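Let me begin by presenting the structure, written as structure tokens, before commenting on it.
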Amino acid sequence: MKEDVLDVLMYLFENYMDDDIAMEADPETLKTQLREAGFLNAEINKAFTWLEDLSVLQEGADTHASYGGRSIRVFSPMEEKKLDVECRGFLIFLEQMGVLTDASRELVINRIMALESPEIDLDQVKWVVLMVLFNQPGLEEAFTWMENMVMEEFQQPLH
């Protein structure tokens, strides 16, 4: 089974997002449920570390910080290698739409770069954005907008 950290995170998000009780459950219980769902221990542990790191970063970040459109984000060569033009353009679009602030954009990029995958596609970027926005106080409207976008695309039948 070729599962990676993002697959584990997406599974957690899809299955436990609305269930506050489950997310507050003992991490070992969640890990057991993930193993029963077919995920590998190594990927489960990496996903929990990813979430813990996100939580720490969110505590220290002012996610409402914005430079009012006066800043330009220049992507590093490593970021450009991992995020193609479409993904980078999407992040800029979200910032221009007010879905991401400067600070939340940086959290998203940080969490994308923390994933082991050498390249990230647009759908994966959308999921990371959704996860970053999930518990951001004051960004509930942005989360709802992003959630609607992701869930609509996720539920569209394949032709």
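The values are calculated or read from the model by the stated rules, or taken from the named source; none is laboratory data. For clarity, every value in this text was computed on a predicted model and none was experimentally measured. Note: ideal-geometry Cβ built from the backbone for every residue, glycine included; neighbour counts use all protein chains shown.
If the condition is being surrounded by 13 or more Cβ atoms within 10 Å (Cβ to Cβ) and among the polar types (S, T, N, Q), then the stretch 69-101 contributes only Thr101.
Looking for something in a loop (DSSP other than H, G, I, E, B) and at pLDDT 95 or above - is there at least one such residue anywhere in the stretch 82-105? Yes: one or more hits.
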